[in-house]
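The values are calculated or read from the model by the stated rules, or taken from the named source; none is laboratory data. A quick note: this is a predicted structure, and the numbers were derived from the prediction, not measured. Neighbour counts are summed over all protein chains in view; Cβ atoms, including those assigned to glycine, are modelled from backbone coordinates with ideal geometry. For the accessible areas, the whole protein counts, side chains as well, though only heavy atoms, and no ligand, DNA or RNA atoms are used. Shrake-Rupley method; radii C 1.70, N 1.55, O 1.52, S 1.80 Å.
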Amino acid sequence: RKAFIEDDLQKVISIINSLFKSIPSQIFIKEKEAYYHSVVFLVFEYLGQFIEAEVNTSDGRIDAVVQTPTHAYILEFKLDESAATAVQQIKQKGYLEKYANSDKKTTGIGINFSSRQKCVSDWDTVQGDRFSPSWNYAKMLLMKDAVNRKWPAIKVRILPLQNKEGLVTGPGLPNYSH
């Protein structure tokens, strides 16, 4: 749990590998990705780390999401493929976008397990974009207006509008293209 809270992903992978090395070979189900996924889920769950499995999005299912007070980690598992394949799936399916307007830093973690070695053979990360340029501009205008009007402190989320050309528009906003 401490490794996730401290954003120490190398330590997280080391813990996962240590865990799998402690499982007796007689009960190790090395041919199924779901086995690796289940063991990781159960261990983090029992350690008190907030983890969700098979999180639905409009484009698929995220294998697991681990959340800390400051981070959201999107985990994609592969078996006998590559971490690059897992990261590519995170990008192609837009898994990080589900958490784009969160106040948390989002990180996608692609983890590939080796059935021969019975551990994580490689892993890679991709960082999420917290806010688009239009979001930052709109937020700045709103906060400036709130200060000028002496509004009480509030937390507001504004979603940018897009026209047919993909430009973000809105009252007082310049057009930003994505």
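Condition (residue is within 13 Å of Leu75 (Cα to Cα) and of a type in the set (A, V, I, L, M)) applied to the range 37-48: is it met by at least one residue?
Yes - at least one qualifying residue is present in the range 37-48.
If I ask for residues that are buried (at least 22 other Cβ atoms within 10 Å of the Cβ) and acidic (Asp, Glu), which ones from the range 57-78 would you list?
Asp63, Glu76
Return the residue satisfying two criteria in turn: it lies in the range 59-93 and is of a type in the set (Ser, Thr, Tyr) and over 11 Å from Asp124 (Cβ atoms), and of such residues it is modelled with the highest pLDDT.
Within the range 59-93, the match that is modelled with the highest pLDDT is Tyr73.
Check Phe131 against each of (1) modelled with pLDDT of 55 or more; (2) farther than 20 Å from Ile16 by Cα; (3) within 15 Å of the chain's Cα centre (by Cα) and name the one condition it does not meet.
(1)
From the list Ser102, Ser121, which residue is at pLDDT 60 or above, in a strand (DSSP E or B) and either open to solvent by less than 60 Å² (accessible area, probe 1.4 Å) or of a type in the set (Ser, Thr, Tyr) (or both)?
Only one candidate passes the filter, namely Ser121.
Provide a single number: the residues in the range 18-47 that are open to solvent by less than 40 Å² (accessible area, probe 1.4 Å) and either of a type in the set (Gly, Ala, Ser) or more than 21 Å from Ile62 (Cα to Cα) (or both).
Looking only at that region, the number is 3.
So which pairs qualify, if the first residue must be in the range 1-16 and open to solvent by less than 60 Å² (accessible area, probe 1.4 Å), the second must be among the small types (Gly, Ala, Ser), the Cβ gap must be under 7 Å, and the two must be at least 6 apart or on different chains?
Val12/Ala3
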